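**Student:** One structure, pasted below without further comment.
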Amino acid sequence: MTAAPAGPGGEAAPTSAIVTAALTLKPAPPEHFDLAFTATTQPCPWPKAYGGDLVAQAAAAAMRSVTDGKTLHSMHSYFLRPADIGAEVRYEVEVLRDGRGYSTRQVRGYQNGKVLYVCLANFAAGEPGSAFGAEFPADVPDPESLPGTAEYLAERTGGTMTDGSKAYWSGGRGFDMRHLPGPVYLTVDGARLPHQAVWVRPFDALRPVEGLTDAQRDLAALAYVCDYTILEPVLRILGLAWADPGLVTASLDHAMWFHRPAPVGDWLLYAQEAEAAEAGRGLGSGRFFTRDHRHLATVVQEGMIRPA
């Protein structure tokens with residue numbers, strides 16, 4: 001794939017470097033379990049670090065602990081405390097089981113002496129069997145026909161959006177994101193329905209990550225990007241936008257299943273549904289598809305949604 005062009009003012013083109021920077025782990029002596037790694041949360045204009053950093057870093061730590069060729073097929077996470085931005089998180093990996101067909105790991109993330117994230121990750125050797133995937137949504141326009149976030153926000157202002165959050169949404173997340181029927185940055189653009197879709201693609205080719213194969217890096221990159229928009233169908237049906245004054249959201253728990261591999265370089269469709277909203281919580285689900293309609297992964301996440 002080619003790199004994204006420079007902005008109209010000649011500013012540097014956005015890149016995917018933030019993604020692979022997040023996935024870069026350093027081995028450390030374990031203090032609690034069998035293996036340990038450290039990683040750094042990436043810059044963002046919010047009071048707390050992006051939750052996808054933690055999911056992707058834990059996935060990378062778990063994958064680095066499995067050395068017999070098994071592939072990550074599912075992970076189930078809880079977010080216990082907010083993480084500091086630009087700070088080191090220590091991931092301790094417990095080897096719960098290594099069998100012939102499946103292996104299981106527990107990963108705990110520590111910062112400032114406290115557990116802030118925990119997950120279980122399962123790995124499969126794979127075996128012959130029948131295949132099925134969810135159906136690709138109908139009547140989806142090509143991503144080339146939709147505006148990228150930078151184009152969409154270029155002449156727009158409003159709500160709590162600052163220059164920093166505008167720049168972050170436009171090019172600071174490592175992925176080009178194109179919404180349909182429209183984004184929910186400043187207002188709910190499009191109908192208040194409990195579903196939407198987002199085309200996603202890295203701004204440029206993902207860089208190699210030490211300790212991970214390209215296939216493992218791509219799985220971790222999916223885990224990284226999935227958290228950005230998974231609550232948006234819930235916001236959409238509730239009539240809420242990210243820049244609404246006083247809106248507070250936080251990831252509570254997260255589950256992800258990886259059905260089949262594919263390079264994360266071309267456009268992927270992230271089709272999303274609002275499943276429920278009640279008592280200050282919302283549940284969203286999503287499916288990743290390739291352009292040729294292969295169902296790659298499924299995501300379910302519950303988050304706190306607290307309007308002003």
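**Student:** What is the magnitude of the charge dipole of the chain about its Cα centre, with +1 placed on the Cβ of each Lys and Arg, -1 on the Cβ of each Asp and Glu, and no other charges, expressed in debye to the nearest 20?
**Tutor:** 500 debye
**Student:** Another question, if that's okay. Taking N as the number of residues in the chain, what is its Cα Rg relative to 2.2 N^0.38 Å?
**Tutor:** Expressed relative to 2.2 N^0.38 Å, the Cα Rg reads 0.96.
**Student:** Taking all protein chains in place and a 1.4 Å probe, what share, in percent, of the accessible surface of the chain do carbon and sulfur account for?
**Tutor:** Its accessible area is 53 percent carbon and sulfur atoms.
**Student:** Determine the alpha carbon to alpha carbon distance for each of Lys48/Lys166; Lys26/Lys166; Lys26/Lys114 and list only those over 21 Å.
**Tutor:** Pairs exceeding 21 Å: Lys26/Lys166.
**Student:** Starting from a Cα-only point model with no solvent, please compute log10 I(q)/I(0) by Debye for the stretch 114-186 at q = 0.11, 0.13, 0.17 1/Å.
**Tutor:** Each listed q corresponds, in turn, to -0.56, -0.69, -0.84.
**Student:** Which net charge results when you count Lys and Arg as +1 and Asp and Glu as -1 among the other residues whose beta-carbon is under 10 Å from that of Leu212?
**Tutor:** -1
**Student:** Hey, can you find the accessible area per residue of the chain for me, probe 1.4 Å, expressed in square angstrom?
**Tutor:** Dividing the accessible area of the chain by its residue count gives 45 Å².
**Student:** Heads up, I need the accessible area for Lys114: 1.4 angstrom probe, whole protein in place, Å², nearest 10.
**Tutor:** Here the accessible area works out near 110 Å².
**Student:** If the chain between Val140 and Ala191 were fully stretched, how many nm would it gain, using 0.36 nm times the residue separation less the Cα-Cα distance?
**Tutor:** 16.8 nm
**Student:** Just to confirm the number: angle between the C-alpha axis of helix 51-64 and the first principal axis of the chain, 0 to 90 degrees, nearest 10?
**Tutor:** The helix 51-64 is inclined about 30 degrees to the chain.
**Student:** Mean projection of the alpha-carbon convex hull of the stretch 1-110 over all orientations, in nm²?
**Tutor:** Averaging across all directions leaves 9.1 nm² for the Cα convex hull.
**Student:** Let me ask something else about it. Taking amide H positions as placed in the peptide plane 1.01 Å from N, state which residues far from Asp34 in sequence (5 or more) or on other chains have amide H under 5 Å from it.
**Tutor:** For Asp34, the qualifying residues are Val93, Glu94, Val95.
**Student:** For the stretch 162-172, take each phi angle, set θ = phi - 60°, evaluate the Karplus expression 6.51 cos²θ - 1.76 cosθ + 1.60, and give the result in whole Hz per residue in order, putting x for glycine and proline.
**Tutor:** Result, ordered by residue: 10, 4, x, 6, 4, 5, 5, 4, 6, x, x Hz.
**Student:** Here is a further query. Between Val95 and Phe132, 0.36 nm times their residue separation minus their Cα-Cα distance comes to what?
**Tutor:** Difference between extended and current length: 10.2 nm.
**Student:** Counting only other residues whose beta carbon sits under 11 Å from that of Ala125, what net charge do I get with K and R as +1, D and E as -1?
**Tutor:** So the surrounding residues net to -1.
**Student:** Let me ask you something else. For Glu210, project a label point 7 Å along Cα to C-beta. Then give me every residue of the stretch 90-134 with its amide nitrogen under 19 Å of that point.
**Tutor:** 90-92
**Student:** Right, another one. Please compute the length gained on full extension between Ala125 and Ala250, using 0.36 nm multiplied by the number of residues separating them and subtracting their Cα-Cα distance.
**Tutor:** 41.6 nm
**Student:** A further question on this structure: Applying a 10 Å radius around every beta-carbon, put 187-196, 223-232, 126-135, 46-55 in order of their mean neighbour count, most first.
**Tutor:** 223-232, 46-55, 187-196, 126-135
**Student:** A follow-up question, please. Consider a paramagnetic label point 7 Å from the Cα of Ala276 along Cα→Cβ; state which residues of the stretch 284-308 have an amide N under 12 Å from it.
**Tutor:** In the stretch 284-308, the label zone of Ala276 (backbone N under 12 Å from the point 7 Å along Cα→Cβ) covers 284, 302-303.
**Student:** Based on the mean of other Cβ atoms within 10 Å per residue, sort peptides 32-41, 207-216, 156-165 so the most packed one is first.
**Tutor:** 32-41, 207-216, 156-165
The values are calculated or read from the model by the stated rules, or taken from the named source; none is laboratory data. Values in this document were obtained by computation on a predicted structure and should not be read as measured data. Cβ atoms come from the backbone with ideal geometry, glycine included; neighbour counts cover every protein chain shown. The area values use the complete protein model at the heavy-atom level, side chains included, leaving out ligands, DNA and RNA. Shrake-Rupley method; radii C 1.70, N 1.55, O 1.52, S 1.80 Å.
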